[in-house]
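A short write-up of the structure that comes next.
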Amino acid sequence: MTGAFDGSAADSGDTTLATEPLGLRRSYAAETMRLVRSRLDVSLALFSLLMGIDVLFEHRMPGHEGVVGAYGLEILLCVVACLLTRVRRLARHTIPLAVGATSGLALIMLGYSATIAAPAEAVVIGQVCLITCLAVVLPWGVRAQLVLAAISFAGFTLLLPLFSRTTPALFSLIGLSAGVASSCVAAFLLERYRFEAFTRAAERSRAYALQEEEAEISTALLYAGQTLNEFVGRAGVLQEVNQLVTRALGCDWCSTFVLDEQTKSLRFVANVGSPEDVRTEFEHIDFPFGSLPLFDELHRGRLVEIADRNTQSLVPPDLLARWEVASMLCVPICRNEHLIGFIACGYRTRTGPFSRKQRRLAVGIAQAVAVGVENERLIRDLRAANRLKSDFVSTMSHELRTPLNVILGYAEMLGDSSDVSPQELQQLAQGIRRSATELLELVTATLDLARIESGRDELHVEPVELAALLQEVQREFEPLSQRAGLEVRWHDGCPGEVVAADRVKLKTIIKNLVGNAIKYTPQGTVDVRIGRDREDVVLTVSDTGIGIEPDHLTTIFEMFRQIDGSATRTYGGVGLGLYIVRQLVDRMHGRITVESEPGVGSTFVVRLPLTRVTTTSPQALVARALADAGVRTPTSTTARSG
Ligand code: ADP
């Protein structure tokens with residue numbers, strides 16, 4: 001037996017608390033039988049007592065000796081009736097037994113009265129007293145009362161010729177009929193009032209039970225929340241949760257499994273209540289998604305109930321038997337509707353469905369755990385961000401100090417030496433300019449970053465001539481490219497093309513990628529190519545530099561991420577360039593990819609969906625005409641040094 005339902009549907013009705021008509025009728029009938037059984041004893045005892053007193057006086061009267069025999073018969077009937085109603089198997093026949101016993105008494109009374117030719121009026125009084133008293137004392141309902149009254153009336157009518165009469169027989173019959181009718185009406189009304197009172201009491205106790213359940217659930221969830229808050233970020237929080245679940249649900253054991261993002265499988269993290277060897281086994285098992293039908297159900301965010309391991313198909317029963325699981329409840333832990341783990345709790349030997357309260361508690365605790373796990377992740381992220389910021393500050397200080405020290409050094413050299421040749425002067429000035437440019441770039445990158453992060457960085461689209469932009473970047477990188485053993489080649493694959501783009505951002509992208517390629521290529525070549533692929537402008541920057549390890553290919557686009565993050569790094573930079581590039585590419589609805597091999601080189605490809613602009617500048621028109629005529633443009637050049 002298995003069942004699954006959404007957490008939201010957890011408050012669907014529970015049979016134990018239901019007041020639906022059928023359930024209510026059943027419990028009313030059970031209660032009625034219990035009452036009839038206990039009151040029948042009292043009624044029969046009272047009857048025996050009163051009749052006994054009557055017999056004491058009557059048996060001395062001449063012709064009335066037979067009363068003792070009749071009384072003996074009555075006592076026998078009372079005893080048999082009391083004993084039979086105590087037989088467990090006959091319990092559900094209590095009312096027919098009671099009707100049978102009391103009808104028997106009525107008939108014995110009638111029979112005895114007939115043998116002594118008692119006055120019909122006195123017999124009627126006796127019968128009316130009997131059936132009316134029983135209607136009031138025994139809550140057996142109108143049908144039982146009708147049967148008793150009918151038997152009494154029929155018996156009296158049959159024996160009527162044997163009774164003595166001082167008034168016409170019709171009077172006696174009318175008297176008895178009135179008794180029969182009033183006793184039946186009384187039984188009907190009493191039954192109705194009793195049923196109404198019973199319904200009200202049942203509703204009250206259901207409301208009270210619900211209130212109590214709500215209070216218990218709230219207390220448990222509050223405690224779960226407090227525990228999670230108290231333990232968040234500390235080891236053992238999920239162990240605490242498991243303790244809490246077993247206590248709140250009254251289960252034998254509870255385990256928690258969480259998602260391992262890397263392997264995409266569910267891993268065991270905590271357990272209470274299971275045997276040591278089961279725990280050890282769990283520790284060594286990874287449950288990949290899809291390995292059990294159970295996970296498909298949990299994936300849908302649904303609570304899964306296995307009421308009996310032998311009558312379900314979500315987990316192999318042999319496996320559950322091995323883990324000593326007879327029945328269990330599994331609740332998913334979700335973040336943004338994605339499964340990030342689950343809590344399983346249950347019994348080792350007990351089978352059968354879990355109560356509504358247990359299901360609601362489990363769902364509530366799992367939700368609290370989801371919040372706790374999310375908080376823990378946020379704290380982890382915040383700590384990582386904090387660490388990164390500290391690294392950034394130290395890197396920034398280092399990066400700022402280096403060019404400043406160089407500038408100071410040059411300035412001192414200028415101040416110290418009185419006879420500096422014009423050539424040396426030029427070299428010193430060049431050095432100062434280079435360091436100042438480095439500083440400026442650093443400050444610019446930091447400002448770019450601040451703008452991007454604050455969301456103030458809007459797109460300013462204008463016509464941009466790609467060839468001219470490439471030439472501009474080429475000119476700016478000329479001093480850096482003048483390094484021994486480095487060759488930087490510039491290729492314009494779409495001469496004269498003018499596109500609608502944010503010029504500054506496009507230039508920042510090209511500069512950052514080219515700057516990195518030059519920086520991380522101590523010796524070799526750097527190729528910068530801009531071209532078209534259908535509707536996209538494609539910028540490719542490839543180098544034969546140091547390359548990047550496959551593990552780092554995704555992290556290099558994160559803020560402040562540097563493969564070599566040590567303070568004594570070989571290459572400069574603060575780990576912002578690629579982060580800024582990716583942000584800008586995203587803003588322009590483009591895509592950036594990288595391929596790299598350590599020691600061989602890297603290739604960064606940026607695809608931007610930039611539309612062509614029809615109105616082109618005069619230079620663009622000339623460049624396009626030259627290209628069409630097969631004449632090489634100045635941008636198809638090679639910067640070589642060394
Ligand atoms: P940085 O300022 O350190 O260059 P980036 O964000 O531009 O920061 O780059 C992040 C990291 O990616 C760099 O520290 C470097 O390790 C790696 N990287 C970027 N471009 C290249 C490249 N062309 N070749 C090798 N490694 C590179």
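The values are calculated or read from the model by the stated rules, or taken from the named source; none is laboratory data. Keep in mind the model is a prediction, meaning the values are calculated, not measured. Counting neighbours? That spans all protein chains shown, and the Cβs are built from the backbone with ideal geometry, glycine included. Remember, those area values only see protein heavy atoms, side chains included, never the ligands or the DNA or RNA. Shrake-Rupley method; radii C 1.70, N 1.55, O 1.52, S 1.80 Å.
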Residue in the range 118-145 that is surrounded by the fewest Cβ atoms within 10 Å (Cβ to Cβ), counting only those that are under 17 Å from Ala98 (Cβ atoms) and polar (S, T, N, Q): Thr132
Close pairs from the range 574-589: first on the phi < 0 side of the Ramachandran plot and of a type in the set (Asp, Glu), partner outside any helix (DSSP H, G or I) and within 12 Å of the ligand (Cβ to nearest atom), Cβ under 9 Å, at least 6 apart: Asp586/Ile592
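Out of Val488, Val528, report the one residue that is within 13 Å of the ligand (Cβ to nearest atom) and in contact with a Ser or Thr (Cβ under 6 Å, 6 or more places away or on another chain). Break it down into steps so the answer makes sense when it comes.
Details: Val528 fails: in contact with a Ser or Thr (Cβ under 6 Å, 6 or more places away or on another chain).
None of the others qualify; the one that does is Val488.
Run down Val504, Val499 and say which single residue is among the hydrophobic types (A, V, I, L, M, F, W, C), more than 9 Å from the ligand (Cβ to nearest atom) and open to solvent by 40 Å² or more (accessible area, probe 1.4 Å).
On the way: Val499 fails: open to solvent by 40 Å² or more (accessible area, probe 1.4 Å).
The match here is Val504.
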Subset tally (residues that are within 11 Å of the ligand (Cβ to nearest atom), part of a strand (DSSP E or B) and out of contact with any Asp or Glu (no Cβ under 8 Å at 6 or more places or on another chain)) for the range 597-615: 2
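Of the residues Asn512, Asn516, which single one is of a type in the set (S, T, N, Q), within 9 Å of the ligand (Cβ to nearest atom), open to solvent by 20 Å² or more (accessible area, probe 1.4 Å) and farther than 21 Å from Val461 by Cβ?
Values: Asn512 fails: farther than 21 Å from Val461 by Cβ.
Every option except Asn516 fails the conditions.
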All positions within the range 534-593 that are small (Gly, Ala, Ser), at pLDDT 85 or above and near the ligand (Cβ under 9 Å from one of its atoms): Ser542, Gly545, Gly547, Gly577
Answer residue from the range 476-496, given it is surrounded by fewer than 18 Cβ atoms within 10 Å (Cβ to Cβ) and at pLDDT 90 or above and is nearest to Leu584 (Cα to Cα) among those: His491
Extreme residue, nearest to Arg34 (Cα to Cα), among residues of the range 138-170 that are more than 60 Å from the chain's Cα centre (by Cα) and not in a helix (DSSP H, G or I): Phe163
Out of Ala150, Ala154, sole residue that is at pLDDT 95 or above, open to solvent by less than 60 Å² (accessible area, probe 1.4 Å) and closer than 27 Å to Arg25 by Cβ: Ala150
Residue match in the range 430-438 (condition: away from the ligand (no atom under 16 Å from the Cβ), open to solvent by less than 20 Å² (accessible area, probe 1.4 Å) and not basic (Lys, Arg)): yes
Residue match in the range 464-471 (condition: at pLDDT 90 or above and assigned to a strand (DSSP E or B)): yes
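Quick check, is Val613 modelled with pLDDT of 95 or more and among the hydrophobic types (A, V, I, L, M, F, W, C)? Can you show your working first?
Working: modelled with pLDDT of 95 or more: no; among the hydrophobic types (A, V, I, L, M, F, W, C): yes.
Considered against the rule, which asks whether it is modelled with pLDDT of 95 or more and among the hydrophobic types (A, V, I, L, M, F, W, C), Val613 comes out as no.
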Cβ-Cβ under 7 Å pairs, at least 6 apart or on other chains, the range 539-558 side at positive phi and touching a residue at least 40 places away in the same chain (Cβ under 8 Å), far side of a type in the set (A, V, I, L, M) and more than 9 Å from the ligand (Cβ to nearest atom): Gly547/Val600
Residue match in the range 528-537 (condition: of a type outside the set (Gly, Ala, Ser) and free of Cβ contacts under 8 Å to residues at least 24 places away in the same chain): yes
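Among the strands (runs of 3 or more DSSP E) confined wholly to the range 229-317, which include 2 or more residues that are crowded, with 18+ Cβ neighbours inside 10 Å and of a type in the set (Ser, Thr, Tyr)?
Values: elements: 253-260, 265-272, 286-288, 302-306.
In the range 229-317, 253-260 are the strands (runs of 3 or more DSSP E) which contain 2 or more residues that are crowded, with 18+ Cβ neighbours inside 10 Å and of a type in the set (Ser, Thr, Tyr).
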Count of the range 197-242 residues which are under 22 Å from the mean Cα position of the chain (by Cα) and either closer than 21 Å to Cys345 by Cβ or modelled with pLDDT of 85 or more (or both): 24
Options Glu472, Glu462, Glu453: the member that is under 29 Å from Arg561 (Cα atoms) and touching a helix residue (DSSP H, G or I) at 6+ places or on another chain (Cβ under 8 Å): Glu472
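Being over 30 Å from Ala500 (Cβ atoms) and open to solvent by 20 Å² or more (accessible area, probe 1.4 Å) is the filter here; which residues of the range 574-602 pass it?
Matches in the range 574-602: Ser596, Glu597, Pro598, Gly599, Val600.
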Lone qualifier among Glu65, Glu58, Glu20 - being at pLDDT below 90, within 23 Å of Thr115 (Cβ to Cβ) and open to solvent by 70 Å² or more (accessible area, probe 1.4 Å): Glu65
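Please state which one of Leu50, Leu46, Leu40 is in a helix (DSSP H, G or I) and either open to solvent by less than 40 Å² (accessible area, probe 1.4 Å) or modelled with pLDDT under 90 (or both). Walk me through it before giving the result.
On the way: Leu50 fails: either open to solvent by less than 40 Å² (accessible area, probe 1.4 Å) or modelled with pLDDT under 90 (or both); Leu46 fails: either open to solvent by less than 40 Å² (accessible area, probe 1.4 Å) or modelled with pLDDT under 90 (or both).
Within the list Leu50, Leu46, Leu40, the selection yields Leu40.
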Out of Glu462, Glu441, sole residue that is open to solvent by less than 80 Å² (accessible area, probe 1.4 Å) and either touching a strand residue (DSSP E or B) at 6+ places or on another chain (Cβ under 7 Å) or charged (D, E, K, R) (or both): Glu462
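Conditions (1) open to solvent by 20 Å² or more (accessible area, probe 1.4 Å); (2) out of contact with any Ser or Thr (no Cβ under 8 Å at 6 or more places or on another chain); (3) β-branched (Val, Ile, Thr); (4) closer than 29 Å to Leu158 by Cα, marked per residue:
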| site | (1), (2), (3), (4) |
| --- | --- |
| Leu73 | yes, yes, no, yes |
| Val79 | yes, yes, yes, yes |
| Val87 | yes, yes, yes, no |
| Arg92 | yes, yes, no, no |
| Ala98 | no, no, no, yes |
| Leu105 | no, yes, no, yes |
| Ile108 | yes, yes, yes, yes |
| Ala114 | no, yes, no, yes |
